[in-house]
1. Give the residue that is nearest to the other protein chains (Cβ to nearest Cβ), with candidates limited to residues of the stretch A:99-121 that are surrounded by 14 or more Cβ atoms within 10 Å (Cβ to Cβ) and farther than 24 Å from residue A:180 by Cβ.
2. Output the residues belonging to the stretch C:83-121 that are in contact with a helix residue (DSSP H, G or I) (Cβ under 7 Å, 6 or more places away or on another chain) and more than 21 Å from residue C:191 (Cβ to Cβ).
3. I'd like to check which strands (runs of 3 or more DSSP E) are fully inside the stretch A:295-368 and have at least 2 residues that are under 27 Å from residue A:217 (Cα atoms), touching a helix residue (DSSP H, G or I) at 6+ places or on another chain (Cβ under 7 Å) and not assigned by TED's automatic domain parsing to the domain that holds residue A:221.
4. Please specify each residue of the stretch B:248-265 satisfying the condition of being within 24 Å of residue C:132 (Cβ to Cβ), at the interface with chain C (Cβ under 7 Å from one of its Cβ atoms) and within 13 Å of the chain's Cα centre (by Cα).
5. Within the group B:154, B:118, B:68, which residue is buried (at least 18 other Cβ atoms within 10 Å of the Cβ), farther than 14 Å from residue B:205 by Cα and more than 7 Å from chain C (Cβ to nearest Cβ)?
6. Those residues that are within 11 Å of chain B (Cβ to nearest Cβ) and without any contact (Cβ under 8 Å) to a residue 40 or more places away in the chain, I need them from the stretch C:213-242; list them, please.
7. How about the stretch B:121-150: which of its residues are more than 9 Å from every other protein chain (Cβ to nearest Cβ) and under 21 Å from the mean Cα position of the chain (by Cα)?
8. Name the residue that is nearest to the chain's Cα centre (by Cα), counting only residues in the stretch C:59-84 that are more than 8 Å from every other protein chain (Cβ to nearest Cβ) and in a helix (DSSP H, G or I).
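The values are calculated or read from the model by the stated rules, or taken from the named source; none is laboratory data. Source: prediction; values computed, not measured. So basically every Cβ, Gly included, is an ideal-geometry build from the backbone, and we count neighbours across all protein chains shown.
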């Protein structure tokens, strides 16, 4: 087990700059998830840590070892691949023992370690089977077992659940979480699925265009997104954004005007911004309340989705063409075609400036 | 029956007639060779479409000749050795060409392809000299060496297309497990390549078994010849006195194993041929 | 969230990550291993192809003879063309050489054309669904599996002027009055050779075309059928354009093979000038007349002709090669 320290990491493929001056610290025993849209560099970053790609510039340390030029087997990392990549002609036992054999481990220790890994992953019954005789979830566990068998310092996962169907994905997600509690080893996990990120991570790293957009606990990312991108990426359904104009304010709060909602007094620190500045106001669907339409504050309901335990109400926006979403517990008294007023929970409103940075709420912001 | 049904029926008849014609066209020459080989020499010159009686005299005659048995032995030795060498060199080369990006890869691919296009006669004099220098003239060794000129490029080409189809993540998993390229080939890829190897090996075997020009030129004595040369050189007093019975018996003898192989592995052969050509 | 710009960037990334371990130890180890793996093959090819070809080029400018290739003397282009005593000599003045060039071209063009036409017909038939299709496909493969020498002998027997079944059938049908000397008659022997070659190589062309046919999208045929377009029209408007790339590959493969044809003709008609091809001419000079210099000159000319066709093929096939990478 080890902590991972990345400093000023760069990766260039030909003329494409994939990873740009990236710094990151992963603590010993932490479960870190890289998320981001496709093309953000999250998989490349994982492969750089694995040693499958080399860094163009920068330094990478595992514990106190500089690993920049070490091949994967000398780094002490194990990796679980998206397609599992099990050796089709080997049994489960042989799959897990292959790396140990290549490391010239003696036969007894190999057996001991494979059996121990199999016990943890409940694979004992399957050891003599070939991969094609296994179900998707079982293959997934074997892939993890193979990565774990050599007792790597760091376990890497490259979108390991994306080949499973929805219900199995939830089950495996749980198993991975429990595995982490039990082993306590450092794990780095790549996914594009924000639900996986939220449920598994101690720490989420949101990547965008080869740079870190924000690092933090799931809670921090959800409640205090540092940028509009993070605010929009984390949370489902996504946050509602509306244009807003700064009317005035200081270090203790501000007033903004938003089409439809009118004037709002918010706790955000607006010092340094001049009145008239273009802002973006963000509210999560559950932080909106619907009321009877009232003057300007009237939005038409264009669709109502009933999900059993909750209801999504879609509203025609005053600007742009992304529908606004309201989420509440079922049942809902609102119906299609109605015109309603939107009342945001002032404590839960986010403001983003023209560069998409979030405006801090009196000192509370620094924690992010 | 209305017009539509009539047209449909006519189409069916036409299709089956065409199938019948093709079947006869494909099979009849071989069938006729079998019939001829099973006739007693007295009935040889009378045209029959089927056999009234079976006579193994022609077979007895060719198998009583040591040179024919030696020729079969030589053909087997040469073909199997060639397949073995081509696969050995081909698997490692195809890993390099199919899975590693490096400067000069395209050039090597073009060289391999170019060699497979060589007219054999263009290297005949130079190869003759090489074989004589290596003291391999009039021996199976000379044929084994010279046959690599057409089996090796072909093997490399087909195996490369198969190698490319193996998933990248499998190789990366092996790298994570600490496997060197050699271990990756022998422990991970080779067990998965057996179908491809069997196909390629079979095609190389057929090519080597059937080769004629080199075998004719680089051997001198009866005991060193391969079967195709032995058959081509069976002769009688003159063109009109060729011993057709024994020739047909010998022809059937060397063809039957191939036909059986083709029947068994037809799916494999088709995939191998098209992998070599369509993707080339 | 993910703009088109970041999408395309990821594709670029994905493409360049494939198989690239630029600069790492792993990557360097792989490239070194790749060359180690290639060297045995390259050495073998150099020994059996590169060096002999170079020697053939060299011999073509010498008076080498088969019994003594080492003591060959340089004679310049005399094997190709020389003016001596008021007369021109050399291959380029040899009417037999030009006859064999013409024979080779005639043989190649006619037999490849026939193979393509019949190959397409057989492929179309095998592409249709019917009972016993696998059996027919296996049967069609038989001529391909039979050694060329054997097929030549089989046909030589069937074409035998006195006892051959072909003459027997044609006479029974009243198409001819007297037996024909298929392999001896100057006007017939080339056609006999073509017939045997076509018989043997239809399967190869048919299989390549069949593979191409099976990759065609089914829905555009269903659309054509719904629209009531005549099948013949569909073939020429839809099928043929779509299989043209595969057909082109098959044609050039076969053309290269036909241009170097040797065994079928050697067995059927021996060294007769009516059917003599460039390969037979060159081998006759080399081996039977022991004139390595002169034979090598003929081989060199043949090589140049085939190299020309090969370059054409590579030019056409390059695009396909590029897609793979």
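1. Across the stretch A:99-121, the extreme among qualifying residues is A:102.
2. The answer is C:90, C:91, C:97, C:120.
3. Because the criterion is at least 2 residues that are under 27 Å from residue A:217 (Cα atoms), touching a helix residue (DSSP H, G or I) at 6+ places or on another chain (Cβ under 7 Å) and not assigned by TED's automatic domain parsing to the domain that holds residue A:221, the strands (runs of 3 or more DSSP E) in the stretch A:295-368 that meet it are A:324-329, A:350-352.
4. B:255, B:258, B:259, B:262
5. Working: B:154 fails: farther than 14 Å from residue B:205 by Cα; B:118 fails: more than 7 Å from chain C (Cβ to nearest Cβ).
Of the residues listed, the single one that is buried (at least 18 other Cβ atoms within 10 Å of the Cβ), farther than 14 Å from residue B:205 by Cα and more than 7 Å from chain C (Cβ to nearest Cβ) is B:68.
6. Quick first cut of the stretch C:213-242, residues within 11 Å of chain B (Cβ to nearest Cβ) only: C:214-215, C:231.
The answer is C:215, C:231.
7. Passing the criteria: B:139, B:140, B:141, B:142, B:143, B:144, B:150.
8. Top of the filtered list is C:79.
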